[in-house]
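Quick note: the coordinates plus some simple rules give every number you see, no bench work behind them. All figures in this text were calculated on a predicted structure; none of them were measured in a lab. Neighbour counts run over all protein chains shown; Cβ positions are idealised from the backbone, glycine included.
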Amino acid sequence: MKWLASTILCVLTTGAFAQTEGITQIPSSLFCGQTDPEHIERLKDEYGELPFVEGDGEVMSPNPRMSYQGTVTMYYDPIDLSYSVFIDLPGDLTCLVVTGERLEPVVIGDDI
């Protein structure tokens, strides 16, 4: 019975990474909720993150021919270097795209 469970798990995980023409699609998920104007204050109070940059953007759906388009906003804490990126979608829906730490400028070439 253990071999059957192991076989099923192996089959399921091999399909998790679809590859076509040099592009690998990995499964992911967006956490979304109703757009709340007070979420900016929560990010500031709980994480020290302030609105930093904003623009039009899109997130790909599991179907490579579809995407979700909206306004992308990055929030940034210049003290501890944490950040969060959200996309506001039509219909009052906001989704967390990515969050992280240690966001710093990229230095290319010689230091100034």
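The conditions of being among the small types (Gly, Ala, Ser), in contact with a strand residue (DSSP E or B) (Cβ under 7 Å, 6 or more places away or on another chain) and in contact (Cβ under 8 Å) with a residue 60 or more places away in the chain are met by Gly33. Take Gln34 and decide whether it is surrounded by fewer than 11 Cβ atoms within 10 Å (Cβ to Cβ) and either of a type in the set (S, T, N, Q) or in contact with a Pro (Cβ under 9 Å, 6 or more places away or on another chain) (or both). Yes: the conditions hold for Gln34. Within region 79-112, the residues that satisfy the criterion of being touching a residue at least 12 places away in the same chain (Cβ under 8 Å), under 20 Å from Gly55 (Cβ atoms) and assigned to a loop (DSSP other than H, G, I, E, B) are Pro90, Asp92, Leu103. Of the set (1) under 16 Å from Pro37 (Cβ atoms); (2) surrounded by 14 or more Cβ atoms within 10 Å (Cβ to Cβ); (3) of a type in the set (D, E, K, R), all apply to Asp92 but (2). Once region 27-75 is narrowed to residues that are under 13 Å from the mean Cα position of the chain (by Cα) and assigned to a loop (DSSP other than H, G, I, E, B), the residue that is nearest to Leu93 (Cα to Cα) is Leu30.
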